[in-house]
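Right, one structure below, let's go through it.
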Amino acid sequence: MAAEELPSEFDVVILGTGLPESVVAAACSRVGQRVLHLDRRSYYAANWASFTFNGLLSWIQQYQEEPQPKEVQDWSSLLDEGEELVYLSNPDSASISNLQVFCFTSEEDEEEAQSSDLPNPTEEKAVNEDTDVKPSADSNEEATTEKQETVGGAEEEQLQVTPTEGEEQDTDKPHLSTAQSQLEPTRKRITYAHLVKEGRRFNIDLVSKLMYSRGSLVDLLIKSNVSRYAEFKNVTRILTYRNGNVEQVPCSRADVFASRQLSVVEKRKLMRFLTSCMEETEEHQAYSGRPYLEFLCDQKLGDNLQHFLLHSIAMVTEDTPIEEGLAATRHFLRSLGRYGNTPFLFPLYGLGEIPQCFCRMCAVFGGIYCLRHSVDCLVVDKDTNRCKAVIDNRGQRISCSHFVVEDSYVGKKAAAPRRLLSRAVLITDGSVLPSDSDQQVSMVTIPPVAARYPVVKMVELCPSTMTCIPGTYLVHLTCQSAGSAYEDLAPVVTRCFHTPDSPDQENRPSVLWCVYFNMVDGSGVELEGHGLPSNVYVCSGLDSTLGHEYAIRQAELIFQKILPEEDFCPPAPNPEDIIYDGENPSTPAGEEDEDGAGEEGKREQSQTQE
Amino acid sequence: MSLQETHASQSMFLLDTHCQRKEGILDEEALQVTQQLLSSNPDFATLWNYRREILMHLETVKEKDEVQKIYEAELAFLESCLKLNPKSYGSWHHRCWVSARLPRPDWSRELSLCDRCLSLDDRNFHCWDYRRMVVKVSGVPVAQELGFTDRLIGSNFSNYSSWHYRSTLLPLLHPESPESPSPSHEPPQPSPSHSPQTQSHRVCEEQLLKEYELVQNAFFTDPNDQSAWFYYRWLLGRAEREEMISCVYVSRDEERVAVAFSRPVNAQSVSLLLVLDGQPQKVEWKSVHPRFKHSPVCICDLPPGTISDITNEHNLTVHWTEKYTHRDCALYTGRTESWCRDSATDQELFRSELSVEKTSVLQSELQSCNQLLELEPLNKWCLLTIVLLMRALDPLGYEKETLAHFQTLKEVDPMRSAYYSDLCSKFIIENTVLKMEYAEVRVFSITDKNLTTLCHLDQLLLVTHINLSSNQLQQLPPQFAMLQCLEVLEVDNNRIENLEGVYHLPKLEEVLLKNNKISALADLQPLASCPKLRRLDLRGNPVTQAANIESELTALLPSVTDLLL
């Protein structure tokens, strides 16, 4: 953006373009507030963004680099009488940690790779900021849980965390790559070069969520007409990992009918259970406070159904109380059948589209957008303890009545240990459960692989979701962290996929490339407080649940605090319904305006990624 | 433009097009105008007709390629109309018409249009109709169509259309093999041409077993879904009974012949030939009751004196000429009556109405239904199917269970309790007929069984004594007149209001009607047609309260000597 001066007066200034911030921006702009929406990053959607493959590589690189301490400028010259400055914290670069990248496919075309027999070591980069992870402990653990004794040891270690200081790890690499090429002599593999070449066709999400068809995000998209900016695809099947196999979970009526793994009696029991749990019954109340699992056990459903109901439909753990389990089951069932045979939708081109759609709506109604633009400090009235204005990183004073900020700018004064999410993104060469159609979008629930391990949610996206190239699948794994992302998720990856760590699983899809990282789980961060003025609101970022309920509820709460009298995201008129008075077509809601904003955003994003 | 303005201008347009049509203007401009009108309301038959006139005219003046283009444009326009209203009669009909006239039709495109429509609404019968036409004309292989029903049923099995379509495809694709023993008397005719007319409607056993599994998956998944149950009933099958004369009865006293058929016939038009001692007789066949034209029993009176001499022996043959079947009956010296009939087994009599499946198959089906009933003890479809399976297997052996299930059915589905009562009555009567067959008696008795209706009365042609006391009967229907041999009728303690069926019963002597609901003298009128009636018990009927009832009854029924009021 050109270094033009921004208007110096707004109603609402919002810093950060994640989902809740963008929804607040759209909602405020929609009811006539003057909105300035900023992000210090060069792309939209903050940690909710989607990247091309190359974009993701630069994102990774950015997190590898040492964050340069920013010098704090003194803007006190801009203060008036009775005002004081409150500096925002440095953007918290630790919101992403334990970044580790592995490439299991050959660097160049097949022949070259074989002759060089060394996958480019620079691609096997692994970055870790917490170097206290002990590889040896990890491999022991592996050995006890899986039959990896023979291959474990050395390989395990050399694939394990590579500290940034770079010690002694490169010794075993040739061994690894030859083993790899011997294992897969026939299959024509997609090379790393190919991934990079076709990188623009990937849309890799940082967060992995799905939209419940009757969840608050879908309702909001419909209510506000923002849905017109995006397209969606149904998740086509629910899978689960059980007894070493990936199985389809029958959840809709059609699934139950067609299922081959259930007996007719099980079919009846399952359908009856699903129907009966929609209503609160006395039987449910009798179990009040006890675990959902106990209730399921007493229904005499059998192991099959119990597994499906607990892990794949309610998606809760064995100690979840019945109230929560039933609520989750109902949420799942209510969403079923609205758009298809599963309760979930996925936006084409990735989840990063959703915050951008709301930004677009905001821009259509006059919101102003600046990327690579941040706020340094707040101007606070000493008497009222309200934020009167913000001072941006260029020293411009912009007055505002409300300020919304993403939580990474708010200091880590609360010393409470932050919860983390473990994430893995895999590019694979096949589906975990091949079927007639190779365009399945699958939600896979994976119960803890062993004691102490977390429940993992896996989403497998096919090329028709416009997130990966033909011949590949994009797999997202998410769980609440127990250790680093690698520690939490690698055991699942080796069980479900064919990697150098699991060479015996030749019938499973191969992992071509993968990245592990931890993100901060912000659910729990308060909207207000943090020693900030009363008209400053903090968006807490990501949460670990599958749906978007948390983010949307948060956005709505913030909006209600800002504008308690106003309707939250009323329907935007259709462009063709807008009546221009007289000959003055320059009314605010011009479509050109909107396209400009959206396109600009995308252009900026792609520039930075190249 | 406001809505009203739009409306007004449309009416103007309409008026215009009317005039143009009258004037015989058949040009492309008219095509444009009608298109504009139809695109806002595609259910305007007159305009479609006008369009067809124009198109047919254009066909005569344009080159073939141009015609193809015009019709293709028409199809595209129709598609937009169907988007507006996917159930528009006019649009679908017009599409049929256009597709048939298209010089180079693209049937695969039409099929995919149907698929799209059905994926939006899988019960759109307009689309189903159109699709059938497309499939027929374009000759889509039956196997592919069966796959299509697989797909539709897979995505939503609550779909009568798909199940029904399946029932028409299966016999074509998997016909019953001719050597397999078939309880149905008509041997299936395997035809290589796969034409449905000559084809048996049965399916080969291997495929049937697969279908049983499929449909069981459906009703175990959702036992309240009717479509699967109906398909199941179709699978279990129903035999056509052989058309035959099941009984010939001749009575010397009345000089009357009664003939019972395996199915109702129209007495006036049925082609019957009566041969008496080698001589064809010209007789008038009639139904047993004037209100009952199609009857399984026909009667005729022989010319007076032909068989009245008790010392003569007579040989009688009734030919059903159109069916090439006949039945003989000999009336020996010294006998006043004679009959000839099949000793029918339960298999032939009633079981085939329910299923033609083999016992082993039925037994395993009964087992899985019982399994479902254990999980869903109150499911009416399951209960009813179990009843039917039990009847098909062993009606007498399962009598007790059947009655208990009927009781449950009436409780869980009170809206249809009368239907269940009637069905239960039917089964009780069938069982009693079977028992009577085995005992070879001419007495028929069902008392205190809550009968609500009477049926299978043709099976009672030879019964002389019937006791239906203490039931819930409300009438003796016209069919009752088939009991040509009846001498004693006991129907005490019912709710009878109507005696229509007690009509021209030549041998009837006693009618016991104690405690019923006969309220008017006119209701007793039919009894006057029974010449031998001498004992009538009317105690406990409202009619007995009327003034002068005794004298009026004596006048109405002079033959009655023993009247109880």
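The values are calculated or read from the model by the stated rules, or taken from the named source; none is laboratory data. Nothing here was measured: the structure is a model prediction, and the numbers come from that model. Here the Cβ positions follow ideal geometry from the backbone for every residue, glycine too, while neighbour counts run over all protein chains shown. Surface accessibility is based on the protein's heavy atoms, side chains included, excluding ligands, DNA and RNA. Shrake-Rupley method; radii C 1.70, N 1.55, O 1.52, S 1.80 Å.
In debye, nearest 20, what is the charge dipole magnitude of segment B:387-527 about its Cα centre with +1 on Lys and Arg Cβ and -1 on Asp and Glu Cβ, if you could check?
Working: 12 positive and 19 negative charges, 41 e Å.
Dipole about the Cα centre, nearest 20: 200 debye.
Treat every Asp and Glu Cβ in segment A:249-341 as -1 and every Lys and Arg Cβ as +1, leave all other atoms uncharged, and give the resulting dipole magnitude about the Cα centre to the nearest 20 debye. Intermediate values should be presented prior to the final figure.
Working: 11 positive and 13 negative charges, 129 e Å.
Result for segment A:249-341 is approximately 620 debye, rounded to the nearest 20.
Taking amide H positions as placed 1.01 Å from N in the peptide plane, with prolines and chain starts having none, which residues 5 or more places from A:D376, or on another chain, fall under 5 Å of its amide H?
Long-range HN contacts for A:D376: A:I391, A:D392, A:N393.
Helix-only mean residue ellipticity at 222 nm, chain B, DSSP H runs n ≥ 4 weighted -39,500 (n - 2.57), per residue, nearest 500. What is it?
On the way: 16 runs with 244 residues, N = 565.
The per-residue figure over chain B is -14000 deg cm²/dmol.
Between B:R263 and B:R104, how high is the FRET efficiency from 1/(1 + (r/R0)^6) when r is the Cβ-Cβ distance and R₀ = 51 Å? Nearest 0.05.
Details: r = 50 Å, r/R0 = 0.98.
Given R0 = 51 Å and the Cβ-Cβ separation, E is 0.55.
Under the rule of at least 5 residues apart or a separate chain, name every residue whose amide H is placed under 5 Å from the amide H of A:V249.
A:I238, A:L239, A:T240
What size of dipole, in debye to the nearest 20, comes out for chain B about its Cα centre when the only charges are +1 on Lys and Arg C-beta atoms and -1 on Asp and Glu C-beta atoms?
Numbers: 55 positive and 77 negative charges, 101 e Å.
Dipole of chain B, to the nearest 20 debye: 480 debye.
At 7 Å along the Cα-to-beta-carbon direction for both B:S445 and B:D43, put a label point, then send me their distance in nm to one decimal.
Result: 6.3 nm between the two label points.
Convex hull over the alpha-carbon atoms of segment A:249-341: what's its volume per residue in Å³?
82 Å³
For a 24 Å ceiling on Cα separation, which of these pairs sit above it: B:K293/B:K323; A:K267/B:K400; B:K380/B:K426? All intermediate terms of the calculation are to be shown ahead of the outcome.
On the way: B:K293/B:K323 20 Å; A:K267/B:K400 31 Å; B:K380/B:K426 19 Å.
With Cα atoms farther than 24 Å apart: A:K267/B:K400.
How much length is gained if the chain between B:L209 and B:M415 is pulled fully straight, taking 0.36 nm per residue apart and subtracting their Cα-Cα distance, in nm to one decimal? Kindly include the intermediate steps, with their values, before the conclusion.
Details: separation 206, 0.36 × 206 = 74.16 nm, distance 3.41 nm.
Contour length minus Cα-Cα distance gives 70.8 nm.
P(r) for segment A:481-549: what percent of alpha-carbon pairs falls in each 10 Å bin, starting at zero?
Calculated over all Cα pairs of segment A:481-549, the distribution is 17, 30, 25, 16, 9, 4 percent.
Would you mind computing, in nm to one decimal, how far apart the modelled labels at B:C96 and B:E399 are, each placed 7 Å from Cα along Cα→Cβ?
5.2 nm
Can you send over the solvent-accessible area of A:C103, 1.4 Å probe, protein chains only, in Å² to the nearest 10?
Its accessible surface works out to 10 Å², give or take rounding.
Would you mind computing Rg(Cα) / (2.2 N^0.38 Å) for chain B, counting N as its residues? Walk me through the numbers on the way to the answer.
On the way: Rg = 31.9 Å, N = 565, 2.2 N^0.38 = 24.4 Å.
Against the empirical 2.2 N^0.38 Å value, I get 1.30 for chain B.
To the nearest 0.05, how large is the calculated FRET efficiency for B:Q226 and A:E294 if R₀ is 41 Å and r is the Cβ-Cβ distance? Show your work: numbers first, answer last.
Numbers: r = 37 Å, r/R0 = 0.90.
After rounding, the FRET efficiency stands at 0.65.
Would you calculate the separation in nanometres between label points at B:L84 and B:C19, each defined as 7 Å from the Cα along the Cα-to-beta-carbon direction?
If labels sit at B:L84 and B:C19, their model points lie 2.3 nm apart.
Going by accessible area, probe 1.4 Å, with all protein chains left in place, what is the ranking of B:F44, B:F77, largest first? Mind showing how you got there, number by number?
Details: B:F44 65, B:F77 10 Å².
Descending order: B:F44, B:F77.
Give me the percent of DSSP beta bridges within chain B that run antiparallel, rounded to the nearest 5. Working shown, then result.
Details: 36 of 52 bridges.
Of all bridge pairs located within chain B, approximately 70 percent are antiparallel.
Through the Karplus equation 6.51 cos²θ - 1.76 cosθ + 1.60, θ set to phi - 60°, convert the phi angles of segment B:276-292 into ³J(HN,Hα) values in whole Hz; use x for Gly and Pro.
Along segment B:276-292, the couplings run 10, 6, x, 9, x, 9, 8, 10, 9, 7, 9, 6, 6, 8, x, 8, 9 Hz.
Once the whole set of protein chains is in place, how much accessible area is left on A:V379, using a 1.4 Å probe, in Å² to the nearest 10?
The value for A:V379 is about 0 Å².
Please list the radius of gyration and Dmax for segment B:34-92, considering alpha-carbon atoms only, with Å as the unit.
11.7, 33
Using 0.36 nm per residue, how much length does the chain from B:N312 to B:R132 gain when fully extended, once their Cα-Cα distance is taken away?
Full extension of this stretch gives 58.3 nm more.
Relative to the longest principal axis of chain B, what angle (0 to 90°, nearest 10) does the C-alpha long axis of helix B:28-40 take?
With rounding to tens, the tilt is 60 degrees.
Ordered by residue, what ³J(HN,Hα) values in Hz, to whole numbers, does segment A:457-471 give under the Karplus form 6.51 cos²θ - 1.76 cosθ + 1.60, where θ = phi - 60° and Gly and Pro are x?
In residue order, the calculated couplings are 9, 10, 10, 10, 9, 9, x, 6, 7, 6, 10, 8, 8, x, x Hz.
Can you list residues whose amide H is under 5 Å from B:L564's amide H, if they're 5+ apart or on another chain and H is modeled 1.01 Å from N?
B:L536, B:D537, B:L538
For segment B:356-363, in order, what is each residue's ³J(HN,Hα) by Karplus, 6.51 cos²θ - 1.76 cosθ + 1.60 with θ = phi - 60°, in whole Hz (x at glycine and Pro)?
Per residue, the Karplus-derived 3J(HN,Hα) values read 10, 5, 6, 4, 5, 5, 4, 4 Hz.
I need to check one value: relative contact order of chain B, counting alpha carbon pairs closer than 8 Å and at least 6 residues apart, in percent.
6 percent
Roughly how much accessible area, to the nearest 100 Å², goes out of reach of solvent when A and B pair up, both sides summed, probe 1.4 Å?
On the way: alone 26020 and 27710 Å², together 52370 Å².
The summed interface area works out to 1400 Å².
What does the charge count around B:F125 come to, taking other residues whose C-beta lies under 11 Å from its C-beta (Lys +1, Arg +1, Asp -1, Glu -1)?
Numbers: positive: B:K87, B:R123, B:R131, B:R132; negative: B:D121, B:D122, B:D129.
Counting the neighbours of B:F125, the net charge comes to +1.
May I ask you to derive the relative contact order of segment B:78-132, considering only C-alpha pairs under 8 Å and at least 6 residues apart, and to give it as an integer percent? Write out the running numbers ahead of the final one.
On the way: 30 pairs, mean separation 21.0, N = 55.
Reported relative contact order: 38 percent.
Return a whole-number percent for the relative contact order of segment A:249-341, with Cα pairs under 8 Å and 6 or more residues apart as the contact set. It would help to have the intermediate numbers written out before the result.
On the way: 81 pairs, mean separation 30.2, N = 93.
Averaging sequence separation for qualifying contacts and normalising by length gives 32 percent for segment A:249-341.
Can you find, among A:A258, A:Q306, A:G325, the residue farthest towards the positive end of the dipole of segment A:249-341? Put +1 on the C-beta of Lys and Arg, -1 on that of Asp and Glu.
A:A258
Measure nothing but the geometry: give the 0 to 90° angle between the long axis through the Cα atoms of B:417-439 and the longest principal axis through the Cα atoms of chain B, rounded to 10°.
The angle comes out near 50 degrees.
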